[in-house]
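Notes for the one structure printed next.
No lab work stands behind these numbers, since they all come straight from the coordinates. Model, not experiment: these values are computed from the prediction. Glycine gets a Cβ as well: all are built from the backbone with ideal geometry, and neighbour counts include every protein chain shown.
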Amino acid sequence: MVTLNFLCLDSLTLDAITAEVMRQSAKHGPKAILAPDGTKTDDERFNDLIEEIGEVARARTYDEGDTDKLVKELIQVAAIAAAWAQVVDKRSN
Ligand SMILES: [Mg+2]
């Protein structure tokens, strides 16, 4: 029998993701990732996610060694992905 050790995100990381969603919402208003359906399309959400993934790639190459920059970009990816997941989930329920 295989025993899996499930690890959870720590509260600092979850708080950072939540804070990033709130920061993006304040910055982008009706075009924020959590904007209701019809205001922001899934194509736009996808583009936002890919843009942030590109910034992770940049942080890993041109900004190599800048841990703070890499963490910031990863949190932005997580924020967009989590917010988009919530939109999709609410849409289907
Ligand atoms: Mg970014």
Least to most buried among ILE80, ILE17 (fewest other Cβ within 10 Å first): ILE17, ILE80
Explain nothing, just the number: dipole magnitude of the range 29-93 about its Cα centre with +1 on each Lys and Arg Cβ and -1 on each Asp and Glu Cβ, in debye rounded to the nearest 20. 240
Cross-link reach list, aspartates and glutamates versus LYS90, counting only Cα pairs under 19 Å and skipping chain neighbours closer than eight places: ASP37, ASP42, ASP43, GLU44
By the Kirkwood definition, with r running over pairs of different Cα atoms, the chain has a hydrodynamic radius in Å of 14.5
Among the complete DSSP H segments of the chain, which ones combine at least 20 Å of alpha-carbon extent along their axis with a mean Kyte-Doolittle hydropathy of 0.0 or more? 67-92
Here the gain from full extension of ALA26 to ILE53, 0.36 nm per residue of separation minus their alpha-carbon distance, amounts to 7.6 nm
Extension gain (nm, one decimal) between TYR62 and ASP89, 0.36 nm per residue minus Cα-Cα: 6.1 nm
